[in-house]
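Read the figures in this text as sums done on the coordinates, not as results from a lab. Since the model is a prediction, treat every value here as computed from it, not as a measurement. All Cβ positions, glycine included, derive from the backbone under ideal geometry; neighbour counts span all protein chains shown.
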Amino acid sequence: MDMMETFRQTYLEESFEGLDLMETGLLELPPGTPDNEKINEIFRAAHSIKGGSGTFGFIEIAGFTHVLETLLDEMRDNRRDVTQPAIDTMLAAVDILRDMLTKLKDHEPIDEARAAEVQADLEAILGMESGTEGGTVEDVAEVSTAGGEWSIQLVPEKELMQTGNEPIRIFRELETLGDLKVEADWSNLPEASAFQPEDLYIKWNLTLSGEGVNQDDISEVFEWIDGDGATITITPPSQTEEVATVSEAAPVVEDEIAAVIKPVAVAPKPAAKPVDKKVEEKKVEAKSQQKPEGSIRVDLSKIDQMVNLVGELVITQSMLSQFGEQADQSQGVVDDDWVDKLKEGLTHLERHTRELQESVMNIRMLPVSFAFNRMPRIVHDVSQKLGKQIDLVMEGEGTELDKTMLEQLTDPLVHIVRNSIDHGIEMPDVRAAAGKPEKGTVKMAAFHEGGNILIQITDDGAGINHERIEQKAIEKGVIEEGHGLSEQEVVDLIFHAGFSTAEVVSDISGRGVGMDVVRRNINGLGGSVEVKTKVGEGSVFTIRLPLTLAILDGQLCKVGSETYVFPLVSIIESIQVDKSLVKGIAGQAELYKLRDSYIPVIRLHKKLGIHDACDDLADGLLVVVEDGGKRAGLFVDDLLGQQQVVIKSLESNFMKIDGIAGATILGDGTVSLILDVKEAVKGHKNGLTAVQTSVA
C-alpha cells in the first residue's frame with residue numbers, strides 16, 4: 001500500500017469515529033435552546049470530516065457536509081433553536097455520510113440520489129425562518145461583498161506535494177464555492193540541471209466569483225496548508241483592483257488546468273451512463289487488491305508490556321543457549337548445580353511465554369462498548385416508529401471481549417434489543433393502565449462470571465406469554481398437542497426458525513427471522529443464549545460467551561488410545577461410576593442418578609467409533625458437562641490433566657466433522673481433537689424429559 005493510500009485509510013477510520021461521536025451527540029441533544037458544548041462537539045466532528053475530504057478529492061462528502069455544518073453553525077451561534085425534526089434529519093445525514101465513507105473505503109460508487117434527498121431536507125430546514133431579529137453587522141457586510149471577485153494568491157512550499165497535498169484538489173474544492181479562474185506563475189522554475197521532480201516550483205493566482213462566497217469558506221479550503229505548506233493571500237472584492245497581476249512573462253495555463261479540473265455536482269446526474277463491463281471488472285479487481293485488512297487501535301501500555309516480555313524472553317533464551325554450550329563442553333558430565341540452573345531457566349521460559357501469550361491476547365480485546373454504542377440509535381429509531389417511550393440503560397461497557405467475537409456479536413444484540421422494544425415494552429397507555437411508568441426501560445449489562453463474559457438484556461415489559469407461544473407452535477406444527485414440554489421449554493420455542501407471534505408483519509418484526517439467527521450466531525461463537533421471563537414484569541435475555549476463540553482452557557481425557565480435549569468451562573464435575581445408580585431404558589437411553597436427578601450417559605467411544613476403549617462403566621469415569629441448562633455424563637477411560645491449548649480450525653485446514661469443535665497440538669507434538677460438547681449432548685436432549693420421568 002502506498003503512502004497516500006495509508007493516509008486515505010487513516011482519514012476514513014478517523015471519520016468513522018467522528019460519525020460515532022456525532023450520532024451519540026445528536027441522540028443526547030435536547031430540543032430547544034442549543035446546548036453549546038454538545039453542538040460544538042458535533043460541529044467539530046463534522047468540520048474534521050469536511051476538512052479532510054477535500055485533501056483526498058472526496059468532493060461529494062465535502063459538499064454534503066458543508067450543508068450539515070452550516071445548520072450546526074447557526075445552532076451554535078444561537079441563530080436557530082434545536083428541533084426534533086432537525087435532529088432526525090441530521091441523524092439521517094450521519095447515516096448518509098457513513099454510507100458514503102463505506103463506499104469510498106470499498107472503492108464503490110456513492111449513492112448520489114439518496115444523498116441528494118437528505119441534502120434537500122437539510123437545505124429545506126436552512127431555508128426556514130431561524131427565529132432571529134434580522135442579521136448582524138457582520139452578516140450585512142458579508143452579503144454586500146458576496147457578488148464580487150475574490151483574488152487569491154497561492155505560494156506553496158517546495159515540499160508541499162511530499163506531504164500528500166495536491167493543489168489540483170484544492171482547486172476542485174474552491175470550484176464548489178463559485179466560478180474559478182486559474183493562472184500559473186512559472187517564474188520560479190529552475191534550470192533543468194537543478195530541477196528536482198519531487199519539488200513544486202509553480203505559484204498560482206486565482207480569481208473566485210459567485211453568490212454567497214465569503215472569506216471563512218475560502219480560508220477553510222486552505223486550512224490544512226496555510227502557514228505550514230504554503231503562503232495564502234486572500235483579497236476581498238472591494239480591494240481586488242489593488243492586487244498585483246501576474247508578470248507578462250508568465251504564461252497563462254488556465255486551459256491546461258481546466259482540462260484537469262471538472263465541475264463536480266453533489267446533486268444526482270440526470271441520466272446514468274451505460275455500464276462498461278470491462279471497466280467494472282477492472283474496478284472489482286482493483287477493489288480486491290486495494291481493500292486493506294481490518295485494523296485495531298491498541299493502548300500504548302499494552303504494547304509496552306508486550307515489548308518488555310519479549311525482552312525477558314530474549315534474556316531467558318540467552319541463558320538456555322549458554323547452558324547448551326556448557327553441555328557441549330562438559331562432554332556429558334553434568335553436575336547438580338547446572339541442572340538446577342537449567343530447570344530455573346525453563347521455569348522462567350514457561351512463565352514468560354504464558355505472560356506473553358496473555359499479553360498478545362489482551363491486544364485483541366476491546367470493550368463491549370463498541371457493540372453497545374450502536375444501541376442508542378436503534379432504540380431511538382424503533383421507539384419513534386412504534387410510538388413508544390424507551391429509556392436505555394447500559395452498564396459494564398468497559399468489559400473486554402475478543403475483537404473477532406465482538407464484530408459477530410453486534411447483529412444478535414440488535415435483534416434482541418429490537419425484539420424487547422417491539423414485543424416486550426407495552427404502549428404508554430397500556431403501561432399506565434397497568435400501574436407502570438409510561439416510559440419503559442431496556443437495560444444492557446456486561447460482566448464476567450467464571451471464565452465467561454455474560455451480556456444481559458433486560459426489559460420491564462409484558463413478558464413472554466408461554467400459552468400464546470404454545471398455541472402458535474401447535475398451529476404452525478412446531479409441536480403437537482400433549483407435547484409434555486415444560487413452561488421454560490415452550491418459551492425457548494421463540495428461537496425456533498420461522499417462529500413468530502406477531503399478528504402483523506412490519507419492517508421491524510413478524511417474519512419469524514431474528515431469534516433463530518441470534519441463537520445460531522451465538523452458538524457459532526461457542527456461547528449460549530437463554531431467556532427468563534415473567535408475565536407482566538418483563539424478560540431477561542442472557543448471552544454467555546468465552547473470552548476468546550483462540551485460546552481454550554481444556555481438560556485432556558483418554559478414550560481408548562485417543563486423547564481428546566474437553567472445554568473446561570463446560571465441565572461440572574468428574575465422578576467414578578456406581579453401577580447400582582445406572583438405569584437403562586431399553587432402546588432409549590442409559591441414565592445415571594446423580595444425587596436427586598437423572599442425567600443421560602453418553603458413551604463417547606461409540607459416538608466417535610473408537611474400538612479399543614473401556615466398555616464397562618465401572619472401569620472408567622463419568623465427566624458431567626452442562627449445555628443450555630441440561631446436564632449429561634460423558635463416559636471416558638481416564639482424565640490426564642488440564643492445560644491451555646491453541647485452537648486450530650479443523651474445517652479450514654481439513655474438513656468439518658460433526659461433534660468436533662477444532663484441533664490442537666499437544667506438548668509432545670501430537671494432534672488432539674477438541675470435543676464440541678454442545679453437539680455431543682444435542683442428540684440426547686430430544687425425548688429426554690419423557691425418559692427421565694418414566695425412570696423417576
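If you model region 551-695 as an ellipsoid using its alpha carbon gyration tensor, with each semi-axis the square root of five times an eigenvalue, the axes come out at 27, 16, 14 Å, biggest first.
Gain on full extension, evaluated as 0.36 nm per residue between R114 and E41 minus their Cα-Cα distance, stands at 23.7 nm.
From most to least packed by mean Cβ count within 10 Å, the peptides 454-464, 304-314, 399-409 give 454-464, 399-409, 304-314. Applying 1/(1 + (r/R0)^6) with R0 = 35 Å to the Cβ-Cβ distance of A497 and I303 gives a FRET efficiency near 0.20.
From most to least packed by mean Cβ count within 10 Å, the peptides 523-535, 349-361 give 523-535, 349-361. The label point for A432 and the one for D616, both projected 7 Å from the Cα toward the Cβ, are 7.6 nm apart. Calculated on C-alpha atoms, the gyration radius of region 6-101 divided by its Kirkwood radius gives an Rg/Rh of 0.97.
The spacing between region 397-443 and region 614-648, judged by their C-alpha centroids, is 37 Å. Exceedance of the 26 Å cut-off in Cα-Cα distance is limited, within the set K476/K606; K50/K443; K388/K443, to K476/K606; K50/K443. Shape call for region 367-546 from the C-alpha gyration tensor, a ≥ b ≥ c root eigenvalues: rounded (a/c under 1.5), prolate (a/b greater than b/c) or oblate? Since a/c reaches 1.5 but b/c is at least a/b, the shape of region 367-546 is classed as oblate. With Cβ to Cβ distances under 13 Å as the rule, what net charge do the other residues near D299 carry (K, R +1; D, E -1)? Local net charge: +1. Highest-first packing order for the peptide set 641-651, 96-106 is 96-106, 641-651, based on the mean count of other beta carbon atoms within 10 Å. On the basis of the beta-carbon distance and an R0 of 35 Å, T83 and D106 show a calculated FRET efficiency of 0.50.
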